[in-house]
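The values are calculated or read from the model by the stated rules, or taken from the named source; none is laboratory data. Computed from a predicted model, the values in this text were never measured in an experiment. Every residue, glycine as well, gets a Cβ built from its backbone with ideal geometry; the counts of neighbours run over all protein chains shown. We work out accessible area using only protein heavy atoms, side chains counted, and drop any ligands, DNA or RNA first. Shrake-Rupley method; radii C 1.70, N 1.55, O 1.52, S 1.80 Å.
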Amino acid sequence: MIKCSVKDENITQTKIIKLINNYHQQGQLISSHQVNSKNAHSIISSFEEQLILRPRVKIHGLHRQIVIDKIEIEINAKNYGELIKHHVNLIGFEQQQYVAYLLPYPRVNIHIIFNRATGSQGNLIDISFPQYSMWNSEYKVKLSYEAIINEYYRAEKQQLEYRRDIERKVRRLIEYSEKVTNYDLQLDNAINRINQILRKMA
């Protein structure tokens, strides 16, 4: 069972810079596309290089906040990064420049900052289009979370099966070793009995 909420906000270039600086200090960068992620300054510079392509655009970016209220399992930052990549592809923003941060709140709190202009085609994200309504955003977030969780469970299951296979092999090896040890003891006893008989016959 997954419960989440999604909030979208149009943001200006000034707000983009402010958010990146804040989240880079407070949170952990878990995913990005077409940016130099060395530090906050390099990320902002990467965004500004794209923004120059569309000088007349007033609303430069999209800020998406995803809050997960309930999730079945705990996953690490790396897997959250994979989740974000899947989510971005699912909503059709895979060509857009973006950065995603995981913030250390009690609930899972992810912030994604999209640049509305792409570098190659100069396209814009049209967030007024109905398919990006609040309901559909939450629905797609749930789909992306379910996908990554299923992958996580599948990987865990494979690891569990592998561990069980190793344990079975170890048990067989121990059993074989015990049999060999018992055989050696029996052989030693037989040799001792033969030596005793030979001494009596001498």
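Figures for the structure shown
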| item | result |
| --- | --- |
| Pairs where the first residue, in the range 88-100, is at positive phi and the second is open to solvent by 20 Å² or more (accessible area, probe 1.4 Å) and of a type outside the set (Lys, Arg), C-beta under 9 Å, 6+ apart | Gly92/Gln131 |
| Residue count for the range 100-110, restricted to those that are open to solvent by 10 Å² or more (accessible area, probe 1.4 Å) and part of a strand (DSSP E or B) | 3 |
| Ser144 vs. criteria at pLDDT below 70 and either outside any helix (DSSP H, G or I) or open to solvent by 20 Å² or more (accessible area, probe 1.4 Å) (or both) | no |
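Here is a yes/no grid of residues against (1) within 13 Å of Tyr98 (Cα to Cα); (2) in contact with a helix residue (DSSP H, G or I) (Cβ under 6 Å, 6 or more places away or on another chain):
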| residue | (1), (2) |
| --- | --- |
| Asn10 | no, no |
| Thr14 | no, no |
| Ile17 | yes, yes |
| Asn22 | no, no |
| Asn39 | no, no |
| Ser46 | yes, no |
| Pro55 | no, no |
